Amino acid sequence: MKIYCRSCLKVTKHRQKGLRNPVNVCNKCDISNMPVRLVKSNGETHLGREVKFVEWKGEELGSLAKELHEQPQAGFSCLIDPQYGYSYTWLTTPIKEIISDTKHEDVRTIEFQTKNSSYILYIYNT
Ligand SMILES: [Zn+2]
């Protein structure tokens, strides 16, 4: 599988390492990398194992989550690594517009705009 390596600074081949909690390890430098990378327009980056999209019951962020989806849609928030309960790595404000959604080799790239910022979401090994 191909994942962006934060040490090599490019997409490299990875292999799985470990039996109980396997991680993806770069074939070149041997560090582990995560298959989801969300980059905000100011450069802020969040990494994760999986991504979901939250549909809200109300209009505002902070209202109750109605459902988690696999695919992005306007009005949904991007959620990195949802855990049981209320924990997660990162949650965006609701998506205003999906600018582009492309797939090249093993990388899906979704560019979207929220009320205050724009993001690029990279999902490797899809
Ligand atoms: Zn590497």
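We did not get these values from a lab; they are worked out from the coordinates using the rules stated. Keep in mind that this is a model prediction, so the values were computed, not measured. FYI the Cβ positions are ideal-geometry reconstructions off the backbone, even for glycines, and counts take in every protein chain you see.
Assorted remarks:
- Taking amide H atoms as placed 1.01 Å from N in the peptide plane, the amide H of residue 90 lies under 5 Å from those of 80, each 5 or more residues away in sequence or on another chain.
- The simple Förster model, with R0 at 25 Å and r as the Cβ-Cβ distance, assigns residue 31 and residue 125 a FRET efficiency of 0.95.
- The alpha-carbon of residue 10 sits under 29 angstrom from the alpha-carbons of these lysines, leaving out residues fewer than 8 places away in its chain: 2, 28, 40, 52, 103.
- Net dipole in debye of the chain [+1 Lys, Arg Cβ; -1 Asp, Glu Cβ; about Cα centre; nearest 20]: 620 debye
- FRET efficiency, residue 113 to residue 10 (Cβ-Cβ, R0 30 Å, nearest 0.05): 0.70
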